[in-house]
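Here's the structure, in structure tokens; my notes come after.
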Amino acid sequence: GENVEQHPSTLSVQEGDSAVIKCTYSDSASNYFPWYKQELGKGPQLIIDIRSNVGEKKDQRIAVTLNKTAKHFSLHITETQPEDSAVYFCAASTDSWGKLQFGAGTQVVVTP
Amino acid sequence: EPEVTQTPSHQVTQMGQEVILRCVPISNHLYFYWYRQILGQKVEFLVSFYNNEISEKSEIFDDQFSVERPDGSNFTLKIRSTKLEDSAMYFCASTVGNTGELFFGEGSRLTVL
């Protein structure tokens, strides 16, 4: 089955700097790659997603890139703010039925 | 903004007891899911549910687990005889179509003693 690896496990950045989180996946049939943000005591919230027919997607300060050949995708957060501090999960899906395989998560800490 | 709601937020139970976790998905959503997250580990898929039947289930979802949509709004996860290793945060999720864009609830923390 699908296996998603996520790095780093923790990331500390200064406010205003950029943060990059990388994920790799194993199943070449995966075609949907969402990113979730989880704040303490809350459920994961979708922040951006990308499908396999595009290589990059941007939404304000966040962007996701996908390299299908290398089977990896990355989340980029620019101009980080303290409210960006959270755990970020990447995920992959080989179909459209909502069965997501999650990465282990990255704890992002943005220090003022 | 519509949201997925879950109850209880935290439940403590004795090993061997039955537990029911409840979820109210977003009203126009048709696909429902349960995931779990053991402390410090990945979020794991348990089961998907559509048209009043299970679409897919993981290896974790054994005979001790069951799901039900007893009425038009609730979606429940039952664990018949809880084990210590069932201690986890259980997340309900829903989506309007089979697009994969899941909306998660805030979770129900289950502690089995």
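The values are calculated or read from the model by the stated rules, or taken from the named source; none is laboratory data. On a predicted model such as this, the values are computed, not experimentally measured, just so you know. Reconstructed Cβ throughout: ideal geometry from the backbone, glycine too, with neighbour counts over all protein chains shown.
Suppose the filter is in contact (Cβ under 8 Å) with a residue 40 or more places away in the chain, touching a helix residue (DSSP H, G or I) at 6+ places or on another chain (Cβ under 7 Å) and surrounded by 15 or more Cβ atoms within 10 Å (Cβ to Cβ); does A:Val87 pass it? When the stated conditions are applied, A:Val87 does not pass them.
When each of A:Glu2, A:Glu39, A:Glu56 is tested for being at pLDDT below 90 and surrounded by fewer than 18 Cβ atoms within 10 Å (Cβ to Cβ), the lone residue that passes is A:Glu2. Residues in the stretch B:1-11 that are more than 28 Å from B:Gly97 (Cα to Cα) and exposed (fewer than 13 other Cβ atoms within 10 Å of the Cβ): B:His10 alone. Test B:Glu106 against the criterion of being surrounded by fewer than 21 Cβ atoms within 10 Å (Cβ to Cβ), at the interface with chain A (Cβ under 8 Å from one of its Cβ atoms), assigned to a loop (DSSP other than H, G, I, E, B) and within 14 Å of the chain's Cα centre (by Cα), and give yes or no. Yes: the conditions hold for B:Glu106.
Name the residue, out of B:Thr95, B:Thr82, B:Thr111, that is more than 9 Å from chain A (Cβ to nearest Cβ), crowded, with 21+ Cβ neighbours inside 10 Å and farther than 11 Å from B:Trp34 by Cβ. Checking each option against the conditions leaves just B:Thr82. Cβ-Cβ distances below 7 Å connect the following pairs, each with a first residue in the stretch A:1-24 that is at positive phi, a second residue that is hydroxyl-bearing (Ser, Thr, Tyr), and a separation of six or more residues or different chains: A:Gly16/A:Thr80.
Output the residue which, of all residues in the stretch A:68-84 that are surrounded by fewer than 17 Cβ atoms within 10 Å (Cβ to Cβ) and in a helix (DSSP H, G or I), is farthest from the other protein chains (Cβ to nearest Cβ). Once the filter is applied, the top-ranked residue is A:Pro82. Here A:Phe102 meets each of (1) crowded, with 17+ Cβ neighbours inside 10 Å; (2) more than 12 Å from chain B (Cβ to nearest Cβ); (3) of a type outside the set (Ser, Thr, Tyr) with one exception, condition (2).
Across the stretch B:1-30, the number of residues qualifying as more than 13 Å from the chain's Cα centre (by Cα) and among the hydrophobic types (A, V, I, L, M, F, W, C) comes to 4. Restricting B:Val67, B:Val24 to residues that are in contact with a Leu (Cβ under 6 Å, 6 or more places away or on another chain), touching a residue at least 12 places away in the same chain (Cβ under 8 Å), more than 10 Å from chain A (Cβ to nearest Cβ) and β-branched (Val, Ile, Thr) narrows the list to B:Val67. Could you go through the stretch B:29-40 and let me know if any residue there is buried (at least 17 other Cβ atoms within 10 Å of the Cβ), at the interface with chain A (Cβ under 9 Å from one of its Cβ atoms) and in contact with a His (Cβ under 8 Å, 6 or more places away or on another chain). Within the stretch B:29-40, none of the residues are buried (at least 17 other Cβ atoms within 10 Å of the Cβ), at the interface with chain A (Cβ under 9 Å from one of its Cβ atoms) and in contact with a His (Cβ under 8 Å, 6 or more places away or on another chain). Among the residues of the stretch A:41-67, those that are in a loop (DSSP other than H, G, I, E, B) and either in contact (Cβ under 8 Å) with a residue 12 or more places away in the chain or of a type in the set (S, T, N, Q) (or both) comprise A:Pro44, A:Ser52, A:Asn53, A:Val54, A:Gly55, A:Gln60, A:Arg61.
Listed by position, the strands (runs of 3 or more DSSP E) contained in the stretch B:31-76 that have at least 2 residues being under 10 Å from the mean Cα position of the chain (by Cα) and closer than 21 Å to A:Lys42 by Cβ are B:31-37, B:43-50. With respect to (1) under 28 Å from A:Ser30 (Cα atoms); (2) of a type in the set (D, E, K, R); (3) at pLDDT 95 or above, the lone exception for B:Glu53 is condition (3).
All of (1) at pLDDT below 95; (2) surrounded by 14 or more Cβ atoms within 10 Å (Cβ to Cβ) hold for B:Leu77 with one exception: (1).
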